[in-house]
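Read-outs throughout are calculated quantities, based only on the coordinates presented, and are distinct from any laboratory measurement. Keep in mind the model is a prediction, meaning the values are calculated, not measured. Note that we place each Cβ from the backbone using ideal geometry, even for glycine, and neighbour counts take in every protein chain shown.
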Amino acid sequence: MSKILILGGNGYAGSHIAREAASRGHATVSLSRSAPAQALAGVQYEQGSAAHLATLEHLLDGVDVVVGALSPFGDLAGQYVPIYRAALAPIAKAEARFVVIGGFSGLRPAPGAERFIDSGQVPPEYYTGARETADALEMLLADAPQELDWLFVSPAAQFGAFAPGERTGQYRKSADVALFDAAGHSAIGGADFALAVVDEIEQPSVHRGQISFAY
C-alpha cells in the first residue's frame with residue numbers, strides 16, 4: 001500500500017479521492033486549511049496551508065504520492081500555480097509522484113486541435129479559474145524537475161458538486177483529447193473519478209503527461 005498526501009483533501013475532488021484511497025487500505029493524509037465537515041474513516045487530517053512549505057515538507061516524510069486537489073476558484077484564485085510551482089522541488093526531493101487534478105478546459109476537442117481554454121468557448125465567469133488549471137499544466141511541462149514523476153488529470157466537462165452522480169464502477173480514459181458519450185455529453189461523477197485516479201495511482205500508465213477520465 002502507498003502513503004498518499006492530498007492537498008485540498010476536504011474539497012470535492014480531494015474528499016472523493018481520500019475516501020477511495022482509504023477504502024483500499026492506503027495510508028491517506030488530507031491537508032486543508034479547515035477541518036472537514038465530516039471526517040472519513042481511515043483518513044488522517046492535517047490543518048494547514050499547502051503554500052506553507054515547512055508544513056508541506058514535514059508531511060512529505062514517507063509519502064509515495066502527492067495529489068494536488070486545490071481549487072483555482074475562491075480565495076485561492078491567483079495562488080494555484082504558484083503553490084504548485086513551489087511544491088515541485090520538495091516533492092521531487094521526497095521522491096514522490098505528483099498527481100495534479102486540473103480541469104476540462106485543458107483538453108482538446110480533437111488530436112492536435114487547440115485546447116478549449118484557447119478556443120474562446122470557456123464562459124467568462126469560469127475563464128480565470130480554467131486558465132489557472134491550464135497554466136498549471138504548462139508549468140509542469142516547463143518547470144518540473146526531470147526527476148519528478150508527475151501527472152496532470154483532467155475530469156470531464158460535467159464534474160463537480162453540482163453533478164455528483166452515483167458510483168458505477170466504470171470510466172473511460174484518454175490523453176489530452178476530451179471524451180464524449182453518444183449523446184455528445186462529457187461527464188463523470190465524483191466517486192467514479194476518484195476510482196479512476198486511485199487506479200492510476202496503483203497502476204501508473206502515464207508519466208510526466210496528461211490523462212483524462214469520463215464516462
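Among 16-24, 71-79, 58-66, sorting by the average number of other beta carbon atoms lying within 10 angstrom of each residue, highest first, gives 16-24, 58-66, 71-79. Close amide-amide hydrogen proximity is noted between Ser212 and Ser154, Ser174, Ala175, each under 5 Å apart and 5 or more residues distant or on a separate chain (H modeled in the peptide plane; Pro and chain starts excluded). Using the Karplus relation 6.51 cos²θ - 1.76 cosθ + 1.60 with θ = phi - 60°, the per-residue 3J(HN,Hα) values for segment 166-177 come to 10, 4, 10, x, 10, 6, 10, 10, 9, 8, 10, 9 Hz, with x marking Gly and Pro. What percent antiparallel are the DSSP beta bridges of the chain, to the nearest 5? DSSP beta bridges in the chain are roughly 10 percent antiparallel.
In this Cβ point-charge picture (+1 for Lys and Arg, -1 for Asp and Glu), the chain has a dipole of about 220 debye about its Cα centre. In sequence order, segment 126-142 has phi-based couplings of 10, 4, 4, x, 5, 4, 5, 5, 5, 5, 5, 5, 4, 5, 4, 4, 8 Hz under the Karplus curve 6.51 cos²θ - 1.76 cosθ + 1.60, θ = phi - 60°, and Gly or Pro positions carry x.
Remark: relative contact order (segment 3-214) = 20 percent; criterion is Cα-Cα distance under 8 angstrom and separation of 6 or more residues.
Per-residue Karplus couplings for segment 178-184, computed as 6.51 cos²θ - 1.76 cosθ + 1.60 with θ equal to phi - 60°, are listed in order as 5, 9, 10, 8, 4, 8, x Hz, Gly and Pro entered as x. Using only side-chain charges placed at the Cβ, +1 for Lys and Arg and -1 for Asp and Glu, the dipole size of segment 109-215 relative to its Cα centre rounds to 280 debye.
Fewest neighbouring Cβ atoms within 10 Å first, the residues Asp149, Asp192 line up as Asp149, Asp192. Here's the picture: charge each Lys and Arg Cβ at +1 and each Asp and Glu Cβ at -1 in segment 3-214, and of Gly112, Met139, Val198 the one pushed furthest to the positive end of that dipole is Val198. Enclosing the Cα atoms of segment 3-214 in their convex hull gives a volume equal to 120 cubic angstrom per residue.
Filter the GluC sites (Glu not before Pro) in segment 88-151 to those in DSSP coil with at most 14 other Cβ atoms within 10 Å of their Cβ, and list the result. Counting only loop positions with at most 14 other Cβ atoms within 10 Å, the GluC sites (Glu not before Pro) in segment 88-151 are Glu95, Glu114, Glu147.
Give the residue from Leu31, Gln210, Thr168 lying farthest towards the positive end of the charge dipole for the chain; charges sit on Cβ (+1 for Lys and Arg, -1 for Asp and Glu) and the dipole is referred to the Cα centre. Of the listed residues, the answer is Thr168.
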